[in-house]
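See structure below.
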Amino acid sequence: MSKSEIKPETGGERKAESGESSGRRRFLGTAGAAAVAAAFGIPVIMSVRSCVPNVLYEEPQRFKIGGLDKFTDGPTFIADKRLFVFRDKNTFHCIGATCTHLGCTVQLVRLKSGEPGNDYEFQCPCHGSKYHADGVNYAGPAPRPLPYFKIEIAPDDGQLVVDMSQIADRGWRLTV
Amino acid sequence: MATTETKPGNGKKINLPSAEDLTWSWSPRSERESGDAIVTNFFLHWFPAKISKRSIATSYSFWLGTISAILFLILILTGVILMFFYVPSVERAYQSVKDIEYAISFGRYLRALHRIAAHLMVAVVFLHMVRVFLTGAYKNGLFARQNRPLNWWIGLAMLLSTLLLSFTGYLLPWDQLAYWAITVGTNIAKAAPLVGEQLRFFLLGGHEIGQNTLIRFYVLHCFFIPAFLTMLFLWHMWRIRKDGGLACDDNLALNQKAQDAKPATSKTYSLLGITSGRTAHVEAALVDEDKHQVSSVPNLLKRLLIVGLLTFAVSSLFAVLLGSPLEEAANPFVTPNPAKAPWYFLWLQELVTITTIHIGKFTVNGAFIGGILVPGILLLWGIAQPLLDRSSAAATGVWFHPERKIHNAVFIAVCALVIVLTVVGTYLRGPYWHFFWPWEAWPVHPPRF
Ligand code: FES
């Protein structure tokens, strides 16, 4: 059945109604459609929102990594935190081991013919980024240098404390 | 067997359904009987009663769509059984996969079949897209009320869902491969402009990959994406019927029209009485029935069964021969070297590697270009393709039609590039993603601290 066939009947019916009544009809129609949209839409929004966690049970960003005597001169890899801690006699600094490209763990590689102070570099297994010993990226896709984190000495037991929420400058050192 | 029963009271006989009513006859004795099978059988009613010989010929479609549907079915069946054994918990996931491998009867086969069917499905769905493109089947032909572009778009969504299904399934064993694939994958999501950070948080259910992430991917993998894909599948199939079958039928009808202008045999379709306009089915009657068409029962059905059995046999064979690898348990502290994505994402990994641009001190991250921009552009191009293609209806449903020369050439070039990148990523990349020839030995891992 085409629309033109239906028109005369309904058209006639419509004309019989007062303008007020058809306005009310339109209003009720819109309100009804809005109610249905809300009835489906609001639960959807609620469900999506509930998937954004409000509470996380993640490890704290600030933690102890051990006493001073645990660290010998040179680099130490703290696997479970993905960090490198460097000791140079009585200065310390700490570089994150998470590649700035896509988050793999970089590895420390000894350079064969390295002069002192430049005898190793960081390399990333995923896409081949390379960083100098000071964390500056020089090859591969990594967009930024590796981050430096602040270290402190815990006042209670003298252990080193790393705060991964505090990014430090490249020149930053802890002197003990 | 039809049984009759005498109803007490008025003595009228009623017929109970016979076996033939529930199944169908393998060798129908008449056209009528074969048509009846389609109409009365619940499982067959979505097939047309008659089908053109060309559309069930292997040389036109290679049955790729059917094969992917069968693989999806295998995946659902094996997946649901695996759900009895798999525990989506960070502490237990890896162990439960080990149990499936070593302790559960036929568990190793089930998991291998699930995995191999997933790999095959990615490949076959991709090939199906290639077939549809090269035959120009995303274009409307002759029949009324067609919307083949829409079906092309549904197909693209199905391709994406297939990839997402594979990706979400990847994390579940919680081994090294899983962990690092997700690390890299979600960091690519992070490179999306504006919403990247939130998107990653939402995907992971936190800042790190952990229990929240695992359960999220589990639910997506086992429910949401398969449900979505099933819906798309039904829509896809329904559209094929509405479009008058495979696109080669359009071409058949067109050629026939040109050959002889004899009026199409008039047919009575009961639907005509209550719907307006012409339907694709009436138009399909333009195809000369006697010359080009055969009954679906048994022709389509037999081929379907053969393709189904072959698909199952081949994937079973692969499953038994190849098994499925399980790496060491996930270790967030040690990245395997090299860390490779599954083969169908390797072209992206390769792109991500080679598209980082350094301009002086300023670096454009390859994660954005290779991970988001290039795939995004490819997708948009795929979506726009039916609108870009201005070739005539004669180019619909024909392999390599000369009118579509340029479109096909560009498409083949892009596919070739993707394949080349995949091959480079698979065979030519070693530790630290260095370039190696396949016959070159990889160096012993440098000393680590
Ligand atoms: S994650 Fe390090 S190079 Fe890609």
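Numbers for the structure displayed
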| quantity | calculated |
| --- | --- |
| Nearest 10 degrees, 0 to 90: helix A:3-16 Cα axis against chain A principal axis | 70 degrees |
| Environment charge at residue A:175 (Cβ cut-off 14 Å; Lys +1, Arg +1, Asp -1, Glu -1) | +2 |
| Sequence-separation-based contact order of chain A, relative, with Cα cut under 8 Å and 6+ spacing, percent | 17 percent |
| Computed over chain A, Cα set: Rg, Dmax in Å | 32.6, 99 |
| Solvent-accessible ranking of A:56, B:321, A:146, largest area first, probe 1.4 Å | B:321, A:56, A:146 |
| Whole-angstrom gap from segment B:294-350 to segment B:42-112, using each part's C-alpha centre | 10 Å |
| B:175, B:36, reordered so the largest accessible area comes first (probe 1.4 Å) | B:36, B:175 |
| Helix-derived mean residue ellipticity, 222 nm - over chain A, DSSP H n ≥ 4, -39500 (n - 2.57), to 500 | -9000 deg cm²/dmol |
| Heavy atoms of residue A:46 accessible to a 1.4 Å probe, total area in Å² rounded to 10 | 120 Å² |
| The protein assembly as shown, Cα convex hull volume normalised per residue, Å³ | 289 Å³ |
| Residue A:40 - accessible surface, heavy atoms, 1.4 Å probe, Å² rounded to 10 | 150 Å² |
| Exposure of residue B:235 as accessible area (Å², to 10), given a probe of 1.4 Å and all protein chains | 110 Å² |
| By accessible area with a 1.4 Å probe, ligands and nucleic acids excluded, highest first: order of B:97, B:424 | B:424, B:97 |
| Point-to-point label distance, residue B:405-residue A:72, nm (Cα→Cβ direction, 7 Å offset) | 7.2 nm |
| Helix runs (DSSP H) in chain B reaching 24 Å along axis by Cα, Kyte-Doolittle at least -0.5 | B:64-82, B:107-134, B:148-171, B:225-242, B:296-322, B:405-427 |
| Separation of the residue A:37 and residue B:219 label points, Cα + 7 Å toward Cβ, nm | 2.7 nm |
| Efficiency of FRET from Cβ geometry, residue A:62 and residue B:27, R₀ 60 Å, rounded to 0.05 | 0.15 |
| Vicinal HN-Hα couplings computed from phi for segment A:77-86 (Karplus, 6.51 cos²θ - 1.76 cosθ + 1.60; Hz; Gly/Pro x) | 9, 9, 4, 6, 10, 6, 9, 10, 10, 10 |
| Cβ-Cβ FRET estimate between residue B:207 and residue B:92, R0 fixed at 22 Å, reported to 0.05 | 0.45 |
| Efficiency of FRET from Cβ geometry, residue B:388 and residue B:145, R₀ 25 Å, rounded to 0.05 | 0.65 |
| Percent of C-alpha pairs per 5 Å bin, segment A:97-176, short to long | 3, 15, 20, 20, 18, 13, 7, 3, 1 |
| Cβ-defined net charge surrounding residue B:438, 15 Å radius [Lys, Arg +1; Asp, Glu -1] | +1 |
| Inter-label distance for residue B:306 and residue B:241, nm, one decimal - labels placed 7 Å from Cα along Cα-to-Cβ | 2.6 nm |
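The values are calculated or read from the model by the stated rules, or taken from the named source; none is laboratory data. Computed from a predicted model, the values in this text were never measured in an experiment. Glycine gets a Cβ as well: all are built from the backbone with ideal geometry, and neighbour counts include every protein chain shown. Accessible surface is based on the protein model in full, side chains and every heavy atom, while ligands, DNA and RNA are left aside. Shrake-Rupley method; radii C 1.70, N 1.55, O 1.52, S 1.80 Å.
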